[in-house]
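In what follows, a structure is listed as structure tokens, so that the remarks can point back to it.
The values are calculated or read from the model by the stated rules, or taken from the named source; none is laboratory data. Nothing here was measured: the structure is a model prediction, and the numbers come from that model. When we count neighbours, we look across all protein chains shown, and the Cβ atoms used for this are built from the backbone with ideal geometry, even at glycine. Calculation scope for accessible area: heavy atoms of the full protein, side chains included, ligands and nucleic acids excluded. Shrake-Rupley method; radii C 1.70, N 1.55, O 1.52, S 1.80 Å.
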Amino acid sequence: MSIVPPPAADATPPDLSVVIVSYNTREMTLECLDTLAEALTRLDAEVFVVDNASTDGSVDAVRAAYPDAVVIANDDNAGFGAANNQAFARAAGRYLLLLNSDAFPEPRALEALVDFAERHPDAGVVGPRTLCPDGSLQQSCFHYPSPWLAWRENLWLHRLMRRHPRFGDMGGWPHDEVREVDFVIGACMLVRRDAYDAVGGFDERFFMYAEESDWQKRIGAAGFGVWFTPDAVVTHIGGASGAKDKARINNHFFDSLDAYTLKHHGRFGLVNLRAAMAIGCAIRAAGWCGAGLLARASDRRETAAAKLRLMRWLVWRQLTHWPRSAPA
């Protein structure tokens, strides 16, 4: 196993500084570390596990199973970006690797990411091909959020242009070729040390969600590319930390989208995005209402009722819940 203790100040830096943020995912975090150890057999790496005040014994379990990993145990939930920044401040690797506790790289995946970055010195970020647990493709590359994108999605125009390289949503792209993209999801992403040094870490005012798109937008603005390579493959479960609290997760998601839009598109941009989302959700609400009335099976009526409640909440939120300020 190539997980090593942090190097001395005058030592040769490791290839990778792997950062895993955990929150009440003890068994999954241990499984992630088991998979990681196999994926690091040809790389030197230091591993940081930042625990956001888990109550399931994660900290003790990780320390017992992997004594060479650096465990940072927070007394409170610092949020995803802030927790990563804690490890970045201590990391010595030539590359930083963000890895979710529910993401499992295949044996040669991390080598493929490092190899790609070595061959493309302009690449500030490299993301892998991501699979769902059943082996199906999980979309991992996206366009930056914007009011225009919100209109395309809420009026279903992105479906008509799904394969268009600029206006599609990348959902129709099979993720089977090297491609420069706007941003990749933070479940597994390699970041060049020079890119981190140029822009710093995550904006900690994003508690959860949108922080990776904001970060990669800043990395791109600093002159680095964001790339996808299918040669690295990772399986990602998704939503493990927030599986038991969907309402809180929904609030974090939309609060972060608001903050991102204000930061990069201003107050008018936020109003424009909110209008697109309110109209889109109202149309969907009408559709789910009709589906519920026409459904014969009770489970389909229950599904339609749940979707209708969500759409009504989203419309109300877009019209009433306005943030006071934007991240600078």
Counting only residues in region 69-88 that are under 19 Å from A187 (Cα atoms) and of a type in the set (S, T, N, Q), the one least open to solvent (accessible area, probe 1.4 Å) is identified as N84
* To do: Answer yes if at least one residue in region 235-254 is over 30 Å from A78 (Cβ atoms) and either open to solvent by less than 50 Å² (accessible area, probe 1.4 Å) or of a type outside the set (D, E, K, R) (or both), and no otherwise.
  => no
Of (1) under 28 Å from L40 (Cβ atoms); (2) at pLDDT 95 or above; (3) of a type in the set (G, A, S), A221 satisfies every one except (1)
Within region 59-68, the residues that are within 30 Å of R205 (Cβ to Cβ) and surrounded by fewer than 21 Cβ atoms within 10 Å (Cβ to Cβ) are V59
When every residue in region 16-42 that is of a type in the set (D, E) and at pLDDT 95 or above is compared, the one nearest to A187 (Cα to Cα) is E31
message = Looking at region 283-300, can you tell me whether even one residue there is buried (at least 19 other Cβ atoms within 10 Å of the Cβ) and assigned to a helix (DSSP H, G or I)?
response = yes
Any residue in region 86-103 that is under 19 Å from the mean Cα position of the chain (by Cα) and modelled with pLDDT under 95? no
Among (1) at pLDDT 95 or above; (2) part of a loop (DSSP other than H, G, I, E, B); (3) of a type outside the set (S, T, N, Q), A11 falls short only on (1)
Yes or no: region 182-194 includes at least one residue that is in contact with a Cys (Cβ under 7 Å, 6 or more places away or on another chain) and either open to solvent by 10 Å² or more (accessible area, probe 1.4 Å) or in contact (Cβ under 8 Å) with a residue 12 or more places away in the chain (or both).
yes
Taking region 162-187 and keeping residues at pLDDT 70 or above, in a loop (DSSP other than H, G, I, E, B) and not small (G, A, S) leaves D169, M170, W173, P174, H175, D176, E177, V178, V181, D182, I185
Looking at region 243-266, can you tell me whether even one residue there is under 21 Å from R218 (Cβ atoms), out of contact with any Pro (no Cβ under 9 Å at 6 or more places or on another chain) and charged (D, E, K, R)? no
Those residues of region 258-272 which are under 19 Å from the mean Cα position of the chain (by Cα) and either closer than 11 Å to P147 by Cβ or open to solvent by 30 Å² or more (accessible area, probe 1.4 Å) (or both) amount to T261, K263, H264
Filtering region 301-320 down to residues that are open to solvent by less than 70 Å² (accessible area, probe 1.4 Å) and either part of a loop (DSSP other than H, G, I, E, B) or closer than 30 Å to R267 by Cα (or both) yields L308, L310, M311, L314, V315, R317, Q318, T320
Note: among R119, R108, R129, just one is free of Cβ contacts under 8 Å to residues at least 12 places away in the same chain and under 17 Å from T229 (Cα atoms), namely R119
Considering region 43-58, residues that are among the small types (G, A, S) and on the phi < 0 side of the Ramachandran plot, and then whichever is most open to solvent (accessible area, probe 1.4 Å), we arrive at S54
By residue number, the members of region 195-220 that are under 14 Å from D122 (Cβ atoms), of a type in the set (G, A, S) and either within 17 Å of the chain's Cα centre (by Cα) or open to solvent by 20 Å² or more (accessible area, probe 1.4 Å) (or both) are A198, G220
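Residue-wise test of (1) in a loop (DSSP other than H, G, I, E, B); (2) surrounded by 18 or more Cβ atoms within 10 Å (Cβ to Cβ); (3) charged (D, E, K, R).
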position	(1), (2), (3)
F104	no, yes, no
P107	yes, no, no
E111	no, yes, yes
D115	no, no, yes
E118	no, no, yes
R129	no, yes, yes
G135	yes, no, no
P145	yes, yes, no
R152	no, yes, yes
Open item on the list: Within region 76-93, does at least one residue satisfy the condition of being touching an Asp or Glu at 6+ places or on another chain (Cβ under 7 Å), closer than 21 Å to S22 by Cβ, free of Cβ contacts under 8 Å to residues at least 40 places away in the same chain and not hydroxyl-bearing (S, T, Y)?
Closed with: no
